[in-house]
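Below: the structure, in structure tokens.
The values are calculated or read from the model by the stated rules, or taken from the named source; none is laboratory data. Being a predicted model, the structure only gives us computed values, none of them experimental. Don't worry about glycine lacking a Cβ; one is built from the backbone with ideal geometry, like all the others, and counts go over all protein chains shown. Each accessible area value is taken on the protein alone, full model and side chains, heavy atoms only, with ligands, DNA and RNA left out. Shrake-Rupley method; radii C 1.70, N 1.55, O 1.52, S 1.80 Å.
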Amino acid sequence: MVGLFKSKSIQKEQPVITTSTDGASSSSTPSHENVNEMTVMQQGEDTEKNVSGLTVEDVIPDFDGKKWYQLAHIRSLCFTIFVISLTSCNNGYDGSLLNSLYTEDQFNNAIGNVSGAVLGSMSNGFAFGCLITFLITPYLVDTYGRRATLYIGDIIMIIGTILQACSGAWIHGLPSNYKKKDVFGMLLASRIILGIGSGVASVAAPSLISEISFPTHRQTVTTYYNSSWYLGAIVSAWVSFGCKNLQHHWDWRVPGIIQGFFPLLQLCLLPFFVPESPRFLVAKNKSMLAREILNKYHAGGYEGADELIDYEMTEIQLAIQQEKLASSSSYAEFYKTKANLRRLWIIVWLAIFMQLSGNGLVSYYLGKVLTSIGIKSTNEQLIVNGGLMIYNWGVCVIQSFLIVNRLKRRLTFNISVGGMLFCFTIWTILSAINQKRDFQDKSLGQGVLAMIFFYYFFYNFGLNGMPFTYVTEILPFTLRGKGMNIFTLVQYGVMLYNGFVNPIAMDAIEWKYYIVYCCILAVEFLVCFTTFVETSGRTLEEVAEVFGDGIQDLNNISGLAVMEEDKIKPNDETEFQEYV
């Protein structure tokens with residue numbers, strides 16, 4: 001979104017003009033019988049030359065030279081995207097919540113002082129809920145729409161929050177070494193319901209952002225989407241810190257109640273500020289409504305913006321029509337072509353990158369990591385957690401708006417994974433030396449803490465928001481909902497590993513467990529470097545050309561449609577077939 005909008009005028013064809021010897025201008029006059037043929041040939045050649053290589057940036061008006069934040073319709077679109085991004089705040093709040101609560105004695109006592117795999121099931125309750133939604137979410141997204149699916153997810157999460165708030169409501173006092181699982185069971189059930197709501201919403205939100213964003217801002221805003229994870233985490237961390245001295249179990253119950261804030265806020269704002277996806281509307285034969293949305297949020301009533309809307313509508317219509325003709329849109333489509341198999345390979349590995357790069361250790365078990373380097377008090381651990389979340393959010397916002405959108409996708413991933421590998425290696429070496437010195441050298445502990453912050457700089461650089469941009473780009477419309485569902489499913493499957501294995505391994509072998517993640521990161525770097533494709537500089541519809549199954553020269557076809565007086569009529573399959 002930084003800088004001015006770019007515009008390149010599209011010149012329509014003009015008659016060929018010559019100048020006579022006396023200086024007067026006149027039209028060239030070949031023989032009468034050839035004039036029409038020559039005119040058609042000349043116009044065809046000029047049109048092909050002008051349209052060849054036409055991109056979406058060529059049809060963006062200059063908006064009177066204003067920057068994006070000076071345009072009311074773009075500011076409105078940004079707020080719309082922020083409202084959708086509250087979905088990620090929900091997930092961030094939950095991720096940071098348990099990190100904080102695990103440091104509090106009253107909470108650990110209320111859940112029965114569990115450890116190991118039992119403790120892992122509490123962390124994984126959220127992931128269990130998300131996995132339950134695997135089969136139903138694509139149907140909701142593709143049948144009822146992205147926005148309607150957000151409504152459903154928010155309502156389910158609010159129900160889960162109510163159940164969580166009521167967990168252990170009968171408690172008036174517990175012995176210091178409580179072993180029963182009554183509170184634990186109710187909290188686990190509430191977390192499963194919260195996960196169901198989050199799983200539904202987390203598939204719809206990034207797809208909606210990608211499909212409604214301004215064409216040259218899509219990478220920035222889709223990358224920003226998951227930055228909101230840390231916004232939710234900040235609220236959770238500091239609410240937990242502020243409530244740590246409350247009595248009668250309110251120290252953990254109040255943060256649990258406030259978890260309902262983000263889904264409730266989004267539920268209230270959705271009807272007023274969030275439209276449906278234009279691509280979904282075109283797929284449902286509501287092209288006029290889709291055009292109205294694009295006019296409102298992309299054109300803003302500015303002169304010359306019709307060409308931009310014509311270009312976008314043409315690409316959307318052509319791409320969806322081709323996909324409808326070629327695919328029945330089932331999961332089996334991922335195995336029918338080499339292009340879709342490659343898409344599947346990339347989205348599965350990218351989901352693994354996001355959750356199995358060492359971040360699972362810090363996301364849910366920061367307390368154990370800090371204890372291993374000598375930071376043991378609840379107060380210190382909560383402050384580190386809160387500070388880390390603020391740092392992460394700030395880094396994500398800066399990277400999203402000022403850095404990542406200027407780099408190629410593959411380069412961004414390579415820098416991210418390579419940087420994490422370097423930081424984790426240093427982290428492991430410092431931990432090994434610290435153990436030999438019986439954890440008495442505080443400077444080594446501080447070095448590990450510094451590596452955690454550096455590690456998250458690189459994690460956020462490529463694996464916080466960029467995957468959502470990349471996955472929505474490489475998937476065609478009819479597979480986007482299902483592909484996002486697979487992407488989410490793999491993530492939560494890996495989270496189950498993190499939830500069950502990480503606490504057991506940390507208790508058993510402590511810092512030596514970091515060596516496992518060093519090896520995993522090395523494999524991830526190799527996969528990323530050798531198999532990922534570059535998608536920068538293309539619209540959602542044009543990315544398919546990279547995989548060899550898109551409409552060839554789609555940007556040229558869209559450019560021709562912009563220059564034609566008779567635009568493609570909505571939902572006219574005959575005209576679609578002629579263009580294809």
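Scanning region 247-261 for residues that are aromatic (Phe, Trp, Tyr) and surrounded by fewer than 22 Cβ atoms within 10 Å (Cβ to Cβ), which turns out farthest from PHE184 (Cα to Cα)?
Applying the filter and picking the extreme gives PHE261.
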Next on the checklist: Residues that are polar (S, T, N, Q) and open to solvent by less than 30 Å² (accessible area, probe 1.4 Å): does region 201-209 have at least one?
Outcome noted: yes
Checklist entry - Which residue pairs have Cβ atoms closer than 9 Å, lie 6 or more positions apart in sequence or on different chains, and pair a first residue in region 461-483 that is polar (S, T, N, Q) with a second residue that is buried (at least 24 other Cβ atoms within 10 Å of the Cβ) and outside any helix (DSSP H, G or I)? => result ASN464/ASN226; ASN464/SER227; THR472/LEU540
Checklist entry - From the list GLY195, GLY153, GLY168, which one is within 30 Å of ALA290 (Cα to Cα), open to solvent by less than 40 Å² (accessible area, probe 1.4 Å) and either in contact (Cβ under 8 Å) with a residue 12 or more places away in the chain or not assigned by the TED database to the domain that holds SER85 (or both)? => result GLY153
Item to check | Scan of region 281-308 for residues that are hydrophobic (A, V, I, L, M, F, W, C), over 14 Å from PHE63 (Cβ atoms) and buried (at least 20 other Cβ atoms within 10 Å of the Cβ), ordered by number | outcome: LEU281, VAL282, ALA283, ALA290, LEU294
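Anything in region 456-508 that is more than 20 Å from the chain's Cα centre (by Cα) and not β-branched (Val, Ile, Thr)? List them, or say none.
The answer is LEU496, TYR497, ASN498, GLY499, PHE500, ASN502, PRO503, ALA505, MET506, ASP507, ALA508.
Every residue, every condition in (1) aromatic (Phe, Trp, Tyr); (2) assigned by the TED database to the domain that holds LEU231; (3) crowded, with 22+ Cβ neighbours inside 10 Å; (4) closer than 20 Å to GLU211 by Cβ, yes or no:
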residue: THR55; (1), (2), (3), (4): no, no, no, yes
residue: TYR69; (1), (2), (3), (4): yes, yes, no, no
residue: ALA72; (1), (2), (3), (4): no, yes, no, no
residue: ARG75; (1), (2), (3), (4): no, yes, no, yes
residue: CYS78; (1), (2), (3), (4): no, yes, no, yes
residue: VAL83; (1), (2), (3), (4): no, yes, no, yes
residue: THR87; (1), (2), (3), (4): no, yes, yes, yes
residue: ASN91; (1), (2), (3), (4): no, yes, yes, no
residue: LEU98; (1), (2), (3), (4): no, yes, yes, no
Item to check | 1 or more residues of a type outside the set (Asp, Glu) and without any contact (Cβ under 8 Å) to a residue 12 or more places away in the chain: qualifying helices (runs of 4 or more DSSP H) within region 223-285 | outcome: 228-242, 250-258, 261-273
Checklist entry - Which residue out of LEU131, LEU187, LEU163 is closer than 19 Å to LEU97 by Cα, open to solvent by 40 Å² or more (accessible area, probe 1.4 Å), in the same structural domain as PRO263 (by the TED database) and in a helix (DSSP H, G or I)? => result LEU163
